[in-house]
Amino acid sequence: MRTIRLRLLAAAATLLTGLAAVLTSAVVVPPAQAAGPTSVSLVGSGWGHGRGMSQYGAQNAARNHARTATQILDFYYPGTVSAPAAGPMVVLITADTSSNVVIEHRSGLMVRSVKTGATWSLARAGAKQWQITPVSGNTVSRVSVLTDRWRVVRDIPGEAEFGAGTSPLKLILPSGSAVYRGRLRSIIAGTSRDTANVVDLEDYLKGVVPVEIPALWHPQAVQAQSVAARTYAVFARTNPHPPGYHLCDTSACQVYRGVGAEHSASTAAIAATKSQIRAYGGKPAFTQFSSSNGGWTVQGSPAYLPAKADPYDVWSGNPNAQWKVTLTDLAIEKAYPATGDFLELSVLKRDGKGSWGGRVTEIRIRGAKGSATVTGDAFRAALRLKSTMFACSPVGSTCRS
């Protein structure tokens, strides 16, 4: 009996061994796929969209070529002329993400109805903060004061704003605080509220110019920036804009940081160009500007924003005259996931103006699953490049310029 059992086990083992051999021979093991490159390197020039004034170009023109602010503006905005402008700006404060406008108490404080112009003095013993809160379906501005607790003081139909004459106000933000000149307004934004700063044009510039350009650069360059920034603001005010405000306080418009950004040198440049803007055809010009254009300005829609060689932009003091960046395959795949494992970049079109044949206008991203062809601007935004004036470094099978 035992002998029979051993024979059966041996036969079973033989059968399993043969079956395993058959299964192994039936399985086709594919060859390992070659992985795509882990990165590509690009070399480029300039920082920003390149339209209008180059800030580094303005600095070089003033510092090393003795150009005045007027000459700088004439070069970057040809055909425009000097014109006067004044009045208030209404600026969206994007850092205030709440529906309330909360400020620190100070002497001389008042609240004003935007609808009727009526004003009320805000003086309360022990007051620490004041706020405007939307109520009644966002149609009413409720004014409250914080002493030992919040207490309702007054309801005002429509929009309302805080002011203290010429004294600045401290705005309490969800994270920190900021100080602004002029008035702080609770503006109706659909079913909610936003916060806006209503500020005189010249005071507005005090919080813009030193953020957009170093205040201690050559005075003529800072004056040119002051006129460009003033004109940009007036253009926004006199052209279609969002309801409730003229422009925002970020780089999507022009950066504005209020009193905390002010610098005596830039304030002097603003005063030296008081009320001056650039006009074209009797209207404020669209005075775009960027950090650096890489040696060529970019064509804008108005005639005063031409594409032309810029002899001032590329110089030793411009850190953006040439830059290099390495893009990882992971970053490219994250930006263009449908293409799969990254294989190759190919520049398809350029504008023909500047280094490497000019700015990239069309580029293809090829991956294991497919390709994507996008504009140079879209690629720059997706990969956070400084500009669209770039080329492969080195040119090869995985990066073609």
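If the elastic network links every pair of Cα atoms under 10 Å, which of SER371, SER144, SER175 fluctuates the most in the Gaussian network model of the chain?
So, out of SER371, SER144, SER175, the one fluctuating most is SER175.
Out of these labelled values of Rg and Dmax of the Cα atoms in Å, [x] 31.1, 116; [y] 33.8, 109; [z] 22.5, 70, which was calculated from the coordinates shown here?
[x]
Taking a cut-off of 15 Å between Cα atoms, list the aspartates and glutamates near LYS206, but don't count ones fewer than 8 places away on the same chain.
ASP249, GLU262
How big is D for the range 186-319, in µm² s⁻¹ as a whole number, if Stokes-Einstein is applied with the Kirkwood radius of its Cα pairs at 37 °C and 0.692 mPa s? Write out the running numbers ahead of the final one.
Numbers: Rh = 16.1 Å.
This corresponds to a translational diffusion coefficient of 204 µm²/s.
Hey, in the GNM for the chain with a 10 angstrom Cα cutoff, which one of LEU42, LEU383, LEU205 fluctuates hardest?
For the chain, modelled as a Gaussian network with Cα springs under 10 Å, the answer is LEU383.
Could you tell me how far the Cα centroid of the range 270-326 sits from the Cα centroid of the range 103-161, in Å?
Centre-to-centre (Cα) distance: 43 Å.
Restricting attention to the range 336-377, which trypsin sites (Lys or Arg not before Pro) occupy a DSSP loop and are surrounded by at most 14 other Cβ atoms within 10 Å? It would help to have the intermediate numbers written out before the result.
Working: sites: LYS349, ARG350, LYS353, ARG359, ARG364, ARG366, LYS369; in loops: LYS353, ARG359, LYS369.
Here the sparse-neighbourhood loop sites are LYS369.
Identify which of VAL209, VAL101, VAL152 has the largest mean-square fluctuation in a Gaussian network model of the chain, with springs joining Cα atoms closer than 10 Å.
Result: VAL152 has the largest fluctuation of those listed.
Can you give the charge dipole size of the chain about its Cα centre, rounded to the nearest 20 debye, using +1 on the beta carbon of Lys and Arg and -1 on the beta carbon of Asp and Glu?
Charge dipole of the chain: 680 debye, to the nearest 20.
The numbers here are math on the coordinates, done by the rules we state, and not lab data. From a predicted model like this one, the values you see are computed outputs, not experimental measurements. Because the Cβ atoms are built from the backbone with ideal geometry, glycine has one as well, and the counts that use them run over all protein chains shown.
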